[in-house]
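In what follows, a single structure is set out as structure tokens and then discussed.
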């Protein structure tokens, strides 16, 4: 290492060129780094989606869900299986524990399902395996409104014009259109005419399908070539369809389609409604591919959208995640820049030298920009977490440079003092018997600044390497954590590690050369004096004539008054005054060391005692500026009726002053409202207060339940799911309702929400197989007839301008108004026409809307909205409450993901803290070649952690994952102060010439504390003041890094104060034991008063 240092110290140009090249590489890498809001996350989960249109949930469960669950259980690495069976669809979500390649798991699942595919009914669509990510949200939303076009025409424009252009943008994975009316060609036949003519619906559909063909008929040779022959029978217009003829078996004649009913250009039955502030619109939702750059994708979407224009159609971008990302990135980058500037300003206050401040301050931009190049190579992008890491580490980047520069100043001062002190030379005179001492002044030797700089670096590199490696070592446990922890904090830990490691290289290789360049003259070491600056300013202004005379006099008088007032407090703020007070206080502690040990014991005991009283969360809640309201109506409520109820809620909430706008997505008996709030600085209330107000406003509405929750990009820690698992859904619902009622009575629980629905009414037709056999019909023919009559079937598609439009055949509206009409439907058979009433027994029954399962058993869920209770306390209270609810045999309950994360977080964080401390111990033991001394050095770690626990308790803050990570970072940062104190003390002790070793150790310890006070204060102040902007950040995502910054700020501040007092005392007694001839037996010897009454200051 010394040879490498020597090489760079001898080659100034080489050093500048290397660091200049890396700096340029970092600047070029900035525009190449991908930008996203949060770190890219890969959910280890897959969904198996299988559709069987028109089939009830109970049948879906029996036919599809259960067999597939049994089949996929053998796939390795499955953590849990959740499934939902609803009308026409089975969805199985498979969550894996740890998977390296999720694509291989998808292939394995598909191959397992293919083994039982032949057992499914023929009408079941092919099962598809897709990626499942519950946090997947659109990155770009466009709203379309028009007064000239209908909703159907706007939907058609969105589907056929805008959607296709947006899908071409690189990085777009899916584009969905919501709202409006979906165009269809409707053939609505008259039931009475069909019955009279004896024509079946199947015959009508067959004729329409066979009339809309485009078939190749082969080719014919002509001369020396071939001519292709095609038969064109495609529908060119709706009028063409009306001319289709259908044969009537009973009348033995051909009838045109227009005589059977009406054919018109209509729309599909609406399934959802999209609105903003009460106005209906068409909305386009765009989702990006997992690894795409959000900002690039959104810019491409904006460019494509700007090239599409339709007269009298207004397109508005209601959500662009790239703007939010830019604001968040700018906010975090601003915090990092502000923190760096604050750190540089603090350095100037300590050094009071512009050139020295410039040398140290250059470490921040140089280290950060070179870090960008390393991020590019490591494929780490810009996001709020990586930038927050740079903001947190901005103060750390100059710590090494501070120590090197402080040593340069101190060695230079020592050389100057040694040259100014006269030395005594002994000369022997022959005529006198006694020796006579004559003082002889030493000739001044020119200062060799290069040698001073080289000696400073050579004497410090081991200490700096040790402190840097301890800082970096605490990040290594992150890569042994869970997948979610690595995804959230892995990029941040790598970024901080790279930047700190680069700052070490800057302080050892670049800073010395810069110091030799900027501190080449003795006057460059002089402190900045404001009086001199004032005199120069007055001299410059005085040359401009008498017009500035009055202003100069006023300025001098004002400055004189300010200088007089500042003189009174200046000495209390000077480092000399602080150092004197510190040494006096340290003297008292050495005289009475029992107070130091009592303070240490008090801190450890009190910090441990408050732990049970701390709130426990996974992630702290934060005001996101948006509230999501889930509106639930009675099962079976029609879409139009749901829309009217939701309109009422929109009107009520729209009158609240702090609401900016409301977007609504309405479905059958359910709606989601996205309530955008005004910025925090422009509204009166917080999100929590507004939720309480919204509840009061909508609580009086009948037959409507509205559940409000903050809409954030992170999982909410204010919601706790309780899953009840068993075999009978009805029993589970009763148990869940009883449990919800009791949980709601717990103080601190705002409300409980049932995450399941009561069944809806179904009209069942039980078919007589014997009667069908006599008529010549099958169950499939009867079912298809009734489904086509009511819901409609699509025999073919209408092609217009390369657009496909579904053609739907069904009964006219007056033939499907109510349930009573269905038994009167007549179905033509081979021998006669028979009514549905003759073929079946009608029955009304309550059926399930959705069937939920977990790990092959049925499940229902309730959600407890937490109020004043933290997550950990809420779980304990709910456990006590549910113990009073009697569960049937083999029925049980489990807490949802938030509690499982909290449990896993505790164990994981404890292991990571242990691993970080172990790594630090290994590094320190290797540095000092001692197995006992590292334990003394690491006393600063519990000082900071236990001080943080007291701060959390006093300010009622929660103990969450960010705080735990703050503890880990604190372990690596706080120990630097102990290393500086002990390393310098041991260096002074080894070079001491005193005969009394204990006294020499005392002198070395006190002198080390005196000499290291300034660099310790400088490094601590720069680190903690650089964290202030991050501590004051309350924006989206700040719940991940703000508690971390608070933990490091208070922990490092208090730890530094206690380290300066306790470590010297502990070190002296620890090392002093090796000099005793007779070891004393008990630890109580530390509490005895020592004999040293004075200390050499």
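Out of 633, 603, 586, which single residue is surrounded by 16 or more Cβ atoms within 10 Å (Cβ to Cβ), modelled with pLDDT of 70 or more and assigned by TED's automatic domain parsing to the domain that holds residue 672?
Numbers: 603 fails: assigned by TED's automatic domain parsing to the domain that holds residue 672; 586 fails: assigned by TED's automatic domain parsing to the domain that holds residue 672.
Answer to the check: 633.
Scanning the stretch 251-265 for residues that are touching a residue at least 12 places away in the same chain (Cβ under 8 Å) and either over 22 Å from residue 156 (Cα atoms) or loosely packed, with under 14 Cβ neighbours inside 10 Å (or both) returns 251, 255, 256, 257, 258, 259, 260, 261, 262, 264, 265.
Do the conditions hold for residue 974, that is, is it assigned to a helix (DSSP H, G or I), more than 34 Å from the chain's Cα centre (by Cα) and either at pLDDT 80 or above or closer than 26 Å to residue 384 by Cβ (or both)? Give the steps one after another, and end with the answer.
Values: assigned to a helix (DSSP H, G or I): yes; more than 34 Å from the chain's Cα centre (by Cα): no; either at pLDDT 80 or above or closer than 26 Å to residue 384 by Cβ (or both): yes.
In short, no.
Among the residues of the stretch 158-169, is any closer than 30 Å to residue 246 by Cβ, touching a strand residue (DSSP E or B) at 6+ places or on another chain (Cβ under 7 Å) and touching a residue at least 12 places away in the same chain (Cβ under 8 Å)? Before the answer, list the steps.
At the first step, the residues of the stretch 158-169 found to be closer than 30 Å to residue 246 by Cβ are none.
So far as the stretch 158-169 goes, no, none of its residues is closer than 30 Å to residue 246 by Cβ, touching a strand residue (DSSP E or B) at 6+ places or on another chain (Cβ under 7 Å) and touching a residue at least 12 places away in the same chain (Cβ under 8 Å).
A count restricted to the stretch 839-883 and to residues that are touching a residue at least 12 places away in the same chain (Cβ under 8 Å), surrounded by fewer than 12 Cβ atoms within 10 Å (Cβ to Cβ) and under 19 Å from residue 748 (Cα atoms) stands at 1.
With 46, 27 as the choices, which residue is under 19 Å from residue 503 (Cα atoms) and either under 39 Å from the mean Cα position of the chain (by Cα) or in a helix (DSSP H, G or I) (or both)?
Values: 46 fails: under 19 Å from residue 503 (Cα atoms).
Selected residue: 27, the only one of 46, 27 that is under 19 Å from residue 503 (Cα atoms) and either under 39 Å from the mean Cα position of the chain (by Cα) or in a helix (DSSP H, G or I) (or both).
Across the stretch 920-940, not a single residue is classified as in contact (Cβ under 8 Å) with a residue 40 or more places away in the chain and in contact with a strand residue (DSSP E or B) (Cβ under 8 Å, 6 or more places away or on another chain).
Of the residues examined, residue 223 is one that is exposed (fewer than 11 other Cβ atoms within 10 Å of the Cβ) and outside the structural domain of residue 814 (by TED's automatic domain parsing).
Among the residues of the stretch 288-309, none qualifies, meaning not one is in contact with a helix residue (DSSP H, G or I) (Cβ under 8 Å, 6 or more places away or on another chain), in a strand (DSSP E or B) and at pLDDT 85 or above. Comparison of 78, 92, 63, 72 shows that the only residue that is without any contact (Cβ under 8 Å) to a residue 24 or more places away in the chain and surrounded by 16 or more Cβ atoms within 10 Å (Cβ to Cβ) is 78. Among the conditions (1) touching a residue at least 60 places away in the same chain (Cβ under 8 Å); (2) assigned to a helix (DSSP H, G or I), the only one that residue 820 does not satisfy is (1).
If the condition is being in contact with a helix residue (DSSP H, G or I) (Cβ under 9 Å, 6 or more places away or on another chain) and either buried (at least 20 other Cβ atoms within 10 Å of the Cβ) or modelled with pLDDT of 85 or more (or both), then the stretch 266-287 contributes 266, 267, 273, 275, 280, 281, 282, 283, 284, 286.
Return the total of residues in the stretch 190-220 being under 59 Å from the mean Cα position of the chain (by Cα), surrounded by 15 or more Cβ atoms within 10 Å (Cβ to Cβ) and part of a helix (DSSP H, G or I). Quick ask: steps written out before the conclusion?
The first filter runs over the stretch 190-220 and keeps only residues under 59 Å from the mean Cα position of the chain (by Cα), leaving 190-191, 200-216.
Right, trim to surrounded by 15 or more Cβ atoms within 10 Å (Cβ to Cβ) and you get 190-191, 200-205, 207-208, 211-212.
Filter again for part of a helix (DSSP H, G or I), leaving 191, 201-205, 207-208, 211.
Final tally of qualifying residues: 9.
The criterion of at least 3 residues that are modelled with pLDDT of 75 or more is met, among helices (runs of 4 or more DSSP H) falling completely within the stretch 450-549, by 483-505, 511-518. Among the residues of the stretch 311-343, the ones that are touching a helix residue (DSSP H, G or I) at 6+ places or on another chain (Cβ under 6 Å) and within 16 Å of residue 162 (Cβ to Cβ) come to 1 in all.
Any chance the stretch 158-172 includes a residue that's part of a loop (DSSP other than H, G, I, E, B), crowded, with 17+ Cβ neighbours inside 10 Å and not assigned by TED's automatic domain parsing to the domain that holds residue 628? Don't jump to the end; show me each part of the working.
The first filter runs over the stretch 158-172 and keeps only residues part of a loop (DSSP other than H, G, I, E, B), leaving 167-171.
From the residues that got through so far, the ones that are crowded, with 17+ Cβ neighbours inside 10 Å too are 169, 171.
Filter once more, keeping what is not assigned by TED's automatic domain parsing to the domain that holds residue 628: 169, 171.
The answer is yes; a qualifying residue exists.
For every residue, the table says whether it meets (1) surrounded by 14 or more Cβ atoms within 10 Å (Cβ to Cβ); (2) within 25 Å of residue 757 (Cα to Cα).
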| site | (1), (2) |
| --- | --- |
| 674 | yes, yes |
| 677 | yes, no |
| 689 | no, no |
| 694 | yes, yes |
| 697 | yes, yes |
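In this structure, does residue 91 turn out to be under 30 Å from residue 282 (Cα atoms) and part of a strand (DSSP E or B)? So residue 91 fits the description; yes.
Restrict the check to the stretch 255-264 and report whether at least one residue is part of a helix (DSSP H, G or I) and within 34 Å of the chain's Cα centre (by Cα).
no
Residue 176 satisfies every condition listed in (1) in contact with a strand residue (DSSP E or B) (Cβ under 7 Å, 6 or more places away or on another chain); (2) over 29 Å from residue 236 (Cα atoms) except (2).
When you look at residue 1027, is it over 24 Å from the mean Cα position of the chain (by Cα), surrounded by 18 or more Cβ atoms within 10 Å (Cβ to Cβ) and at pLDDT 80 or above, yes or no? Spelling it out, it is not the case that residue 1027 is over 24 Å from the mean Cα position of the chain (by Cα), surrounded by 18 or more Cβ atoms within 10 Å (Cβ to Cβ) and at pLDDT 80 or above.
Among residues of the stretch 800-817 being assigned to a strand (DSSP E or B) and at pLDDT below 85, the one that is surrounded by the most Cβ atoms within 10 Å (Cβ to Cβ) is 800. Exactly one residue out of 751, 730, 696 is at pLDDT below 90 and touching a helix residue (DSSP H, G or I) at 6+ places or on another chain (Cβ under 7 Å), and it is 751.
Within the group 247, 230, which residue is part of a strand (DSSP E or B) and either within 21 Å of residue 265 (Cβ to Cβ) or in contact (Cβ under 8 Å) with a residue 24 or more places away in the chain (or both)? Reasoning before the result, please.
Values: 230 fails: either within 21 Å of residue 265 (Cβ to Cβ) or in contact (Cβ under 8 Å) with a residue 24 or more places away in the chain (or both).
One residue alone meets the criteria, 247.
Which condition number in (1) farther than 30 Å from residue 746 by Cβ; (2) not assigned by TED's automatic domain parsing to the domain that holds residue 810 is the one that residue 828 fails? Failed condition: (2). Within the stretch 899-909, one or more residues are closer than 14 Å to residue 616 by Cβ, without any contact (Cβ under 8 Å) to a residue 60 or more places away in the chain, touching a helix residue (DSSP H, G or I) at 6+ places or on another chain (Cβ under 7 Å) and surrounded by 15 or more Cβ atoms within 10 Å (Cβ to Cβ). Filtering the stretch 942-971 to residues that are more than 24 Å from the chain's Cα centre (by Cα) and free of Cβ contacts under 8 Å to residues at least 60 places away in the same chain leaves 954, 955.
The values are calculated or read from the model by the stated rules, or taken from the named source; none is laboratory data. Worth saying up front: this structure is predicted, and the values here are computed from it rather than measured. Note that each Cβ is placed from the backbone with ideal geometry, even for glycine, and that neighbours are counted across all protein chains shown.
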